[in-house]
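Asks: One structure follows; several queries about it will come next.
The values are calculated or read from the model by the stated rules, or taken from the named source; none is laboratory data. All values derive from a computational prediction rather than experimental measurement. Here the Cβ positions follow ideal geometry from the backbone for every residue, glycine too, while neighbour counts run over all protein chains shown.
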Amino acid sequence: MKKVKIFLLLSAFFTVSVQAQGFKGMLNKAKSAITDGGLSQEDAGNGLKQALDLGVDEAVSFLSAEDGYYKSAYKILLPKEAQAVTNKLKAIPGFGDVEANLVERVNRAAEDAASKAKPIFISAIKQMSFKDAMNILMGDKDSATRYLEKSTYDQLYSAFKPVIIESLEKVNASSYWNSAVTKYNKIPFAKKTNPDLDDHVTRQALAGMFGLVEKKEEGIRGDKSLRTNDLLQKVFAQQDK
């Protein structure tokens, strides 16, 4: 029994040792790539941060402009539960265009809230470590976006939702929706409902935001002409190899 325990302990030690050597080898490979390319750790970190700054700035500017959501691939549609309401109401006088009106208003609310994202993104970018930067640089084509999503989603949701609520009220979407739901719930045999429009619009607005940031990241990784300065060209040359 004692021999078995000793054997298991030696096996575990050997496994950990091999894994450690493997990790060390990967780290040395990354360091070698930096050294061979004349790229310092500071350059790698600063280059990644510049690329993210650029992608975030362009994404936020685009989506916060008029029609940034409403007339783009990131247009926010109503949740299925809300569509069930609007479909029933189309035949009722005064509510024929209820879905179109609501869709425009929720997208205006998202555009109004989008500008709140930039300082939250910038804060996450500033906190990026060298390890984060190298994982992103040598990782998948959406590594930077996934890093930002993991680092900022909860904070962005908390920042977006109050603005979405305020914006929905500002464009009269909330009162319009409430009147639509009230009317719907008075229809005989209709199943009573009141979908959470605030949560849906907030989540869809963030999905659009990260979708556009991902597109910007893919562009910088794949299109050398988008690397607009020497540092970006130097840093991303490492992932081109």
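Asks: Residues of the stretch 56-97 being in contact with a Phe, Trp or Tyr (Cβ under 7 Å, 6 or more places away or on another chain) and modelled with pLDDT under 90, which ones?
Replies: Listed by number, the residues that qualify are Val85, Lys88, Leu89.
Asks: For Thr182, which of the numbered conditions (1) touching a Ser or Thr at 6+ places or on another chain (Cβ under 9 Å); (2) at pLDDT below 80; (3) farther than 21 Å from Ser64 by Cβ fails to hold?
Replies: All conditions are met except number (1).
Asks: Being part of a helix (DSSP H, G or I) and touching a Gly at 6+ places or on another chain (Cβ under 7 Å): is that true of Leu52 here? Break it down stepwise before answering.
Replies: Working: part of a helix (DSSP H, G or I): yes; touching a Gly at 6+ places or on another chain (Cβ under 7 Å): no.
No: the conditions fail for Leu52.
Asks: Can we say Val60 is in contact with a Ser or Thr (Cβ under 9 Å, 6 or more places away or on another chain), closer than 14 Å to Gly211 by Cα and in a helix (DSSP H, G or I)?
Replies: Numbers: in contact with a Ser or Thr (Cβ under 9 Å, 6 or more places away or on another chain): yes; closer than 14 Å to Gly211 by Cα: yes; in a helix (DSSP H, G or I): yes.
Taking the combined requirement at face value, the residue satisfies it.
Asks: Ala84 is checked against (1) over 30 Å from Gly219 (Cα atoms); (2) buried (at least 17 other Cβ atoms within 10 Å of the Cβ); (3) touching a residue at least 60 places away in the same chain (Cβ under 8 Å) and fails just one. What number does that condition carry?
Replies: (2)
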